[in-house]
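S.K.: This is the structure, below, for whatever I ask next.
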Amino acid sequence: MSEPGAPGFVHRPRRGAELFLLLAALVVGIGAYVAVGLGVQGTVPANIIGYSGWLAALTIAAHVAVRLVAPYADPVLLPLVAALNGLGLAVIHRLDLAYEAVDKPHSFAQQQLTWMTLGIVLFIVTIILLRDHRSLQRLTYTSGAAGIALLLLPFMPIVGNEINGARIWINVAGFSFQPGEVAKLLLVVAFSGYLVRHRDALALAGRRVLFIDLPRGRDLGPILAMFAVSMMILVAQNDLGSSLLFFGLFLVTLYVATERPGWLVVGGLLFAGGALAAYTFVGNVQNRFNFWLHPMDYYYESPGSGQLVEGMFGMGWGGLIGRGFGEGSPSSVPYANSDFIIAAIGEELGLTAVMAVILCYGLIVERALRIALISRDGFGKLLAVGLGSIVALQVFVVVGGVTGLIPLTGLTTPFLSYGGSSLVANWVIIALLIRISDQARRPIPRMTDLSGTFDSETTQVVKLT
């Protein structure tokens, strides 16, 4: 039997497998919602029929759209994100009940369900309107300019808004929105289109140092420009997480495009130097490092390390298998429904649930890399790698910060955390991956010449090589 991606191998649509996995994902989401009601209130939630029906309608609508317009798409991506989104809604609802008990705002789960609805609508619109991902390559420089413009929007005096020390928000018609969430999608398109055109020049070797071919000095312009943008985000917006995300995203895409380890060396040195300078001159970054290294010493400070310490105590209380919904106090952690939702899961569902969540993210990244491997065009390969890297980097910096592996960065956990701009943008990421995978797994059409018919797979492979 031929291997996937090899000439002669034909992918099956596998929409039946996707539907089966989606039903399992619904069991996870709806089951967690019921468990919250039983654990916290001792009864099944009164709105369970309406909630479960709406959740099922959303996921089935997404499945039907994929079945109709992207029948050869990857069958695992949609069920994975549906399970994560459903679990996130249940945990946010559990926190809402805790907030309600102490008379705090408590409508976050309902708002998140609304954002999920918008995200799935945009998911469907994207896969219907974008019939060929390669058309995005024509928007390389437009996407780059638009992405930079969105990153600068929070600095505008009228729409820009600073929340919790980070100036990464804008106010539009009474709603707060993070333009950086859209900017990351546009910049991935820009990076992929630029590197497809210029990777041959960027792959040329320069001076050899310790068995590693460093890039030529004349080719350092793109990485220096992206480093400057990431430092601007860090210094001007006080946003360590987004700075790390954008620079790491460009570095990974550049390495994959050129296959030169020297770029990783240069990028690593630039990031280390930038981090040292930021620690020395930027007070917010210095505080985050101090909270990370000595959390107990800053527990009573303002700003302090109380969020990190409470989260770690909660996860310690949860142990291996957790105490169950309603048996912990995850609401004692500030912003538990957004920045620290992993800590809330660890406290009441235990380390086992946290590992299961991380495994789901690992599978999403693995499927993105698999899509990149079988993609038939260079732009699709880099775009899939970039989209998968967004998820991988976000999960690493969020989970690493919550567990004390690295300093806190302030990013949200994809599909789990409360936050409309992040959730909607991540659903569009999955739509793009679905579209690329459908193009990659679709059987290659047969061609006809004067002598009869012949299979064009060999011709296609030769052209790409």
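The values are calculated or read from the model by the stated rules, or taken from the named source; none is laboratory data. None of these values were measured; they are calculated from a predicted model. When we count neighbours, we look across all protein chains shown, and the Cβ atoms used for this are built from the backbone with ideal geometry, even at glycine. To get the accessible areas, we keep the full protein, side chains included, count just its heavy atoms, and leave off ligands, DNA and RNA. Shrake-Rupley method; radii C 1.70, N 1.55, O 1.52, S 1.80 Å.
S.K.: Where residues in segment 91-105 are crowded, with 19+ Cβ neighbours inside 10 Å and not charged (D, E, K, R), which of them is nearest to residue 357 (Cα to Cα)?
M.R.: Checking each candidate, the answer is 91.
S.K.: Something else about it: Being among the charged types (D, E, K, R) and within 23 Å of residue 201 (Cα to Cα) is the filter here, so list the residues in segment 233-260 that pass it.
M.R.: 259, 260
S.K.: From 310, 301, which residue is among the charged types (D, E, K, R), over 19 Å from residue 202 (Cα atoms) and out of contact with any Ser or Thr (no Cβ under 9 Å at 6 or more places or on another chain)?
M.R.: 301
S.K.: Given the condition out of contact with any strand residue (DSSP E or B) (no Cβ under 8 Å at 6 or more places or on another chain), of a type in the set (Lys, Arg), modelled with pLDDT of 85 or more and closer than 21 Å to residue 411 by Cα, answer yes or no: does some residue in segment 178-201 qualify?
M.R.: Yes.
S.K.: Then there is this: Go through segment 14-47 and report how many residues are of a type in the set (A, V, I, L, M), touching a Phe, Trp or Tyr at 6+ places or on another chain (Cβ under 7 Å) and open to solvent by 30 Å² or more (accessible area, probe 1.4 Å).
M.R.: Summing the residues that are of a type in the set (A, V, I, L, M), touching a Phe, Trp or Tyr at 6+ places or on another chain (Cβ under 7 Å) and open to solvent by 30 Å² or more (accessible area, probe 1.4 Å) in segment 14-47 gives 2.
S.K.: Any idea which of 316, 274, 268 is at pLDDT 90 or above and assigned to a helix (DSSP H, G or I)?
M.R.: Selected residue: 316, the only one of 316, 274, 268 that is at pLDDT 90 or above and assigned to a helix (DSSP H, G or I).
S.K.: Can you list residue pairs whose Cβ atoms sit under 6 Å apart, with the first residue in segment 91-117 being of a type in the set (Phe, Trp, Tyr) and the second being assigned to a loop (DSSP other than H, G, I, E, B) and surrounded by 16 or more Cβ atoms within 10 Å (Cβ to Cβ)? Count only pairs 6 or more apart in sequence or on different chains.
M.R.: Final answer for the pair search is 99/106; 108/337; 108/418.
S.K.: Something else about it: When you scan segment 399-413, do you find a residue that is surrounded by 23 or more Cβ atoms within 10 Å (Cβ to Cβ) and in a helix (DSSP H, G or I), even just one?
M.R.: yes
S.K.: Hey, does segment 419-435 have a residue that's among the hydrophobic types (A, V, I, L, M, F, W, C), modelled with pLDDT of 90 or more and out of contact with any helix residue (DSSP H, G or I) (no Cβ under 7 Å at 6 or more places or on another chain)?
M.R.: No, that holds for no residue.
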